[in-house]
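Before anything else, here's the structure in question.
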Amino acid sequence: MTKKFFTKVSPKAVEGIRRVFERDGAEVHAQLQSDGTAIVVVISPDDGGSSQKRATRQREAA
């Protein structure tokens, strides 16, 4: 299990992070802060290559 943390994230960015990582099967949690930003935690299962798959998809899309 791999965790990634994003801090000081705008609400619009939360949706983008959620869309990208949930597509790979990750669990995404966001906590809204009093200043209007959010903290996002992405929990990815260790499947031995999801980041490599994501990089391949990004290259193919470019």
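Values in this text are rule-based calculations from the coordinates and carry no lab data. Please read these numbers as outputs of a predicted model, since none were measured by experiment. Neighbour counts run over all protein chains shown; Cβ positions are idealised from the backbone, glycine included.
Hey, which aspartates and glutamates would be in cross-link range of Lys12, C-alpha to C-alpha under 16 Å, not counting anything within fewer than 8 residues on its own chain?
Cross-link targets: Glu22, Asp35.
At 7 Å along the Cα-to-beta-carbon direction for both Ile39 and Arg19, put a label point, then send me their distance in nm to one decimal.
Result for the modelled spin labels: 2.6 nm.
Now a separate question. Given R₀ = 35 Å, what would the calculated FRET efficiency be for Lys8 paired with Thr56, taking r from the Cβ atoms and rounding to 0.05? Could the numbers behind the result be given before it?
Details: r = 29 Å, r/R0 = 0.84.
Computed FRET efficiency for Lys8 and Thr56 comes out at 0.75.
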